[in-house]
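Undergrad: Below are the structure tokens for one structure; questions will follow.
The values are calculated or read from the model by the stated rules, or taken from the named source; none is laboratory data. As the structure is a prediction and not an experimental result, all values here were calculated from the model. Methodologically, a virtual Cβ is constructed for each residue, glycine included, from the backbone with ideal geometry; neighbour enumeration extends over all protein chains shown. These accessible areas exclude ligands, DNA and RNA; they are computed on the full protein's heavy atoms, side chains included. Shrake-Rupley method; radii C 1.70, N 1.55, O 1.52, S 1.80 Å.
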Amino acid sequence: MARSIAQVAVNVPLRRLFHYEVPEPLAERIELGHRVLVPFGGRVTTGVCVAFPEASDRPALKPIRRILHPDCRFDAHLLQLTRWIADYYRAGWGEVLEAALPPAIRAGKEERLQVTVSAARTSGELLDESMRLLKRSPHQSRLLAFLARNPGPHRRHELLRSAAATGGALRRLVARGWASDGRARDLSSVASAEALGDLAALSGGAGHELHEDQEAALEAARAALREGAFRVVLLHGVTGSGKTEVYLRALREALAAGRRGLVLVPEISLTPQTVLRFREGLPGEPIAVLHSMLTAVERTREWRHIQEGRARVVIGVRSSIFAPVPDLGLIVVDEEHDGSYKQESSPRYNARDVAVMRSKMLGIPVLLGSATPSLESFHNASAGKYRLVEMPRRVTSHDLPLVSLVTLEPSFYRPDGSGLITDELDRLIRERLARREQVLIFLNRRGFSTYLHCTRCGLVLKCPECDISLTYHKTENLLRCHYCGHARGVPRECPECDAGAIRRSGVGTERIAAEVARRYEEARVARLDRDAVTSHRALRETIARFARGERDILVGTQMVAKGHDFPRVTLVGIVNADTGLHFPDFRAAERTFQIITQVAGRAGRGAREGRVLVQTFFPDHFAVRCAARGEYAEFARKELGHRKTLGYPPYGRLAKVLFQGEDGEQVAREAAAAGEVLREAKGPCKVLGPAPSPIAKIQGRLRHQILLKSPTAAGIHGALDRLEERLPARKGKVDRIVDVDPYTML
Ligand code: ADP
Ligand code: ZN
């Protein structure tokens, strides 16, 4: 059917759609979900066709310029899903669709053709030739041997890397007819899956007998799969209870039924080990991996595998929730409570919640797993909306580690650092070192001193651009802002009163690592945080070195907390458990509970029993106490009580409306105007503020915010509808940012 008008979701932060003329040559080809190039406000931008109306009430429509990537059309389901995201999170539909694409396609780059190489003879012939050239031409010999085992096609550079051979040697083999080269838009990752398969066989992990709890959890997932309907299963399993094994079996069931699977994991835990475990657990199944560390070309390649149905399972981080998986049969969200599922720029979606919505739209089950389920999910389970399955025991030889609390004294802050490690922790560390066991020391702050202050006038040194104290980094001998990266030298005198002495206070991982190295001279100490480890490779190396036992003590931030399995760690020391406890954020207690539980879970995962020592100034705080005792249910009961009293999630919905700009008065004025409009809205929505944000300035931009609180999502949306009708999103130089279901209150 020839189409003459298209409704386009243009990639602009506007919540409306635009009509365009479909020019004659495109009329027969254009389809729903096609990405197109359109003129918009004097420039040309991208958009997606979302409807073909019969007529338009707009005069003189502009024509669509052309169809981009006609082979990566959004299907009806992804159009529906992205539409929902745009409406719910108050973003432009075009923006959401754009966010759903891999970056290279987004940037409009054409995919490059890859040079591929394949074996051109039988493997027997290749092996004979390989033997013959063994001495004379080791490079050609290695290439031949590799091709004999893996005939390809291979990407050229990967083949050279795998065979440790030069390009010259390969050219000679091609010229002599032993290998042939070709070109392909992309290659199946099945080849690399096979290569990894060898590795998997070596580590031989797959195929445990399931424990009783795991069996029950799997049965819940199986029942959901059998029903072939939307079901949410919340898997609450302590660290080491074998949740991954349950995911794997559930995925296998979905695959056996001819469907595909999608697994979301937090950014920090998508490590090569994680991927390897999935490859082991799903032998022979092509798996695509989507990770922000991949190059743009690699990401596009993986995305193509998915879209063309070659990958049967997709593992990825937050944005993978948009992966165009055909015949999706099961979604798994590991560590469903994790904050990295929330995107902190537009569109501000939470991938866990989008996963639930996607499953609902598709009528398929979704499996949410965590050792510390978010209170939202737990509440949904208690209310009967989700099916809750508990796995309260570890599958490994030892049960959960023994956790004890030790109360910190003011001596913790002794300037020489000698009070950072209490006598109890010191004793436990020495015991472990004597037994050649490993120790993990955790503190959720990086840097050496977390703030500098004047001992006379009390001034705290702050970033000139952000309302945040500067952190002292000793190695660089610099003060740094952890928000904008601003750096400066360390002043000798107070910039305010000129005379006072500057004192360094607050403790970060750099300082702890120094103190640990000073105390345990003979121990080999490594540090894992964003300052010590700046690349993905360095991260892998630090972790691998520790895992191999080449380090005795690992000091780090939450980078050490998640996912890693270090069987020789028998002691976890938490230097100060309360660093986040008094944040002006209603989730402060929940986050404290989660982080203590997660870090503690790193202890005793191997043959020997684990111990955890939690240093804290607040041993009686329920979040600290419940985490130490492993009492999730008790924690949830108490915290849900508070939330209920205050109408916070899960008993109500929130939206944050943030105003920012360089002129503080303008910002305050716009925030006040918005506050009035919001207050006039009918319905049960409460309007709190405006008030300066807890971080009142970031990168030189002043910030005011309004918090909307309502028992229902409809209440929030009613108020926001009104705001959007009355006031533009940008007025003067003040931007308004709406964050529905905000994860941080700062
Ligand atoms: P979780 O994800 O709940 O922290 P994992 O799935 O990582 O736990 O399992 C912890 C360890 O126990 C892994 O090394 C895994 O291979 C092993 N494991 C899992 N299930 C079993 C089982 N049924 N029997 C023996 N070992 C198991
Ligand atoms: Zn700053």
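Undergrad: Run the numbers for residue 293 and residue 157: contour at 0.36 nm per residue of separation, minus the present Cα-Cα distance, in nm.
TA: Roughly 47.1 nm would be gained on extension.
Undergrad: If you add up the charges near residue 224, with Lys and Arg at +1 and Asp and Glu at -1, over every other residue whose beta carbon is less than 9 angstrom from its beta carbon, what do you get?
TA: +3
Undergrad: On to the next question. In the chain, which Cys residues have no partner Cys with a Cβ closer than 4.7 Å?
TA: Result for the chain is 49, 72, 484, 626, 685, no neighbouring Cys Cβ within the cutoff.
Undergrad: Under the classification rounded if a/c is under 1.5, otherwise prolate if a/b is larger than b/c and oblate if not, where does region 53-186 fall, given a ≥ b ≥ c as square roots of the Cα gyration tensor eigenvalues?
TA: prolate
Undergrad: Let me spell out the model: positive unit charges on the Cβ of Lys and Arg, negative unit charges on the Cβ of Asp and Glu, origin at the Cα centre of the chain. What dipole size does that give, in debye rounded to 20?
TA: It comes to approximately 1280 debye.
Undergrad: Something else now. Just to check, using Stokes-Einstein with a Kirkwood Rh over alpha carbon pairs, what's the diffusion coefficient of the chain at 37 °C and 0.692 mPa s in µm²/s?
TA: Value of D from the Cα-based Kirkwood radius: 114 µm²/s.
Undergrad: I need the trypsin sites (Lys or Arg not before Pro) found in region 545-601, filtered to DSSP loop residues with at most 11 other beta carbons within 10 Å of theirs.
TA: Here the sparse-neighbourhood loop sites are 548.
Undergrad: Could I ask something else about it? Going by average Cβ neighbours within 10 Å, how do the peptides 278-284, 552-558, 368-374 rank, with the highest at the top?
TA: 368-374, 552-558, 278-284
Undergrad: For the residue pair residue 125 and residue 43, what label-to-label distance in nm results when each label sits 7 Å from Cα along the Cα-to-beta-carbon direction?
TA: 5.7 nm
Undergrad: Next question, about the same structure. Of 329, 246, 281, which is farthest along the charge dipole of region 212-391 in the positive direction, counting Lys and Arg as +1 and Asp and Glu as -1 at C-beta?
TA: Projecting each Cα onto the dipole axis, the largest value belongs to 329.
Undergrad: Okay, next question. May I ask you to derive the FRET efficiency for residue 76 and residue 487 from their Cβ-Cβ distance with R0 = 45 Å, giving the value to the nearest 0.05?
TA: 0.35
Undergrad: Please report the projected area of region 5-106's Cα convex hull averaged over all directions, in nm².
TA: 6.5 nm²
Undergrad: Please compute the length gained on full extension between residue 132 and residue 51, using 0.36 nm multiplied by the number of residues separating them and subtracting their Cα-Cα distance.
TA: 22.7 nm
Undergrad: Still on this structure, please answer the following. Check each of the GluC sites (Glu not before Pro) in region 489-531 and keep only those in coil by DSSP with at most 12 other C-beta atoms within 10 angstrom; list them in order.
TA: 521, 522
Undergrad: Can you pull out the trypsin sites (Lys or Arg not before Pro) in region 401-510 whose DSSP state is coil and whose Cβ has at most 11 other Cβ atoms within 10 Å?
TA: Those satisfying the criteria are 435, 436, 492.
Undergrad: Obtain the nm distance between the two label points defined at residue 407 and residue 540 by a simple spin-label model: each point lies 7 Å from its Cα along the Cα-to-C-beta direction.
TA: Inter-label distance under the simple model: 4.8 nm.
Undergrad: Could you check how much of the accessible area of the chain is carbon and sulfur, as a whole percent, using a 1.4 Å probe?
TA: 50 percent
Undergrad: Which whole-angstrom value gives the distance between the alpha carbon centres of region 255-319 and region 708-731?
TA: 37 Å
Undergrad: Per DSSP helix of 4 or more residues, -39500 (n - 2.57); summed, then divided by the residues of the chain. What does that give at 222 nm, rounded to the nearest 500?
TA: The helix-only estimate for the chain comes to -10500 deg cm²/dmol at 222 nm.
Undergrad: List the residues whose amide H sits under 5 Å from the amide H of residue 333, counting only those 5 or more places along or on another chain, with H placed 1.01 Å from N in the peptide plane.
TA: Those qualifying (amide H under 5 Å, at least 5 residues apart or on another chain) are 264, 367, 368, 369.
Undergrad: Shifting gears a bit: To the nearest 0.05, how large is the calculated FRET efficiency for residue 499 and residue 582 if R₀ is 25 Å and r is the Cβ-Cβ distance?
TA: 0.20
Undergrad: Stretch residue 735-residue 31 to full length: gain in nm at 0.36 nm per residue minus the Cα-Cα span?
TA: The span from residue 735 to residue 31 would gain 249.9 nm if fully extended.
Undergrad: Return the Rg/Rh ratio of region 344-457 with Cα-based radii and a Kirkwood Rh.
TA: With Rh from the inverse mean 1/r over Cα pairs, Rg/Rh is 1.13.
Undergrad: Further question on the same structure: Could you pull out the pairs from 682/709; 342/385; 656/731; 342/733; 360/385 whose alpha carbons sit more than 24 Å apart here?
TA: Listed pairs above 24 Å: 342/733.
Undergrad: Let me ask something else about it. Using the Cα centre of region 537-676 as the reference point, and only Cβ charges (+1 on K/R, -1 on D/E), how large is the resulting charge dipole? Debye, rounded to the nearest 20.
TA: I would put it at about 860 debye.
Undergrad: Here is a further query. Could you name the lysines whose alpha carbon sits less than 27 Å from that of residue 135, not counting residues in the same chain fewer than 8 places away?
TA: none
Undergrad: If you don't mind, another one. With a 10 Å radius around each residue's Cβ, average the other Cβ atoms per peptide and rank 593-605, 249-261, 12-24, highest first.
TA: By packing density, highest mean first, the sequence is 593-605, 249-261, 12-24.
Undergrad: On to the next question. So, R0 is 25 Å and r is the distance between the beta-carbons of residue 385 and residue 257; what FRET efficiency does that work out to, to 0.05?
TA: E(calc), rounded to 0.05, equals 0.50.
Undergrad: Under 5 Å between amide hydrogens, which residues at least 5 positions from residue 241 or on another chain qualify, with H placed 1.01 Å from N in the peptide plane?
TA: Hits under the 5 Å cutoff: 395.
Undergrad: Turning to a different aspect of this structure: Treat each spin label as a single point 7 Å out from the Cα along the C-beta direction, and report the residue 460 to residue 676 distance in nm.
TA: Between residue 460 and residue 676, the simple spin-label model gives 3.5 nm.
Undergrad: Ok, one more. Could you tell me the center-to-center distance, by alpha carbons, between region 34-82 and region 447-524 in angstrom?
TA: If you average the Cα positions of each part, the centres end up 52 Å apart.
Undergrad: At a threshold of 8 angstrom on Cα-Cα distance, excluding pairs fewer than six apart, so keeping six or more, what relative contact order does region 653-740 reach in percent?
TA: 46 percent
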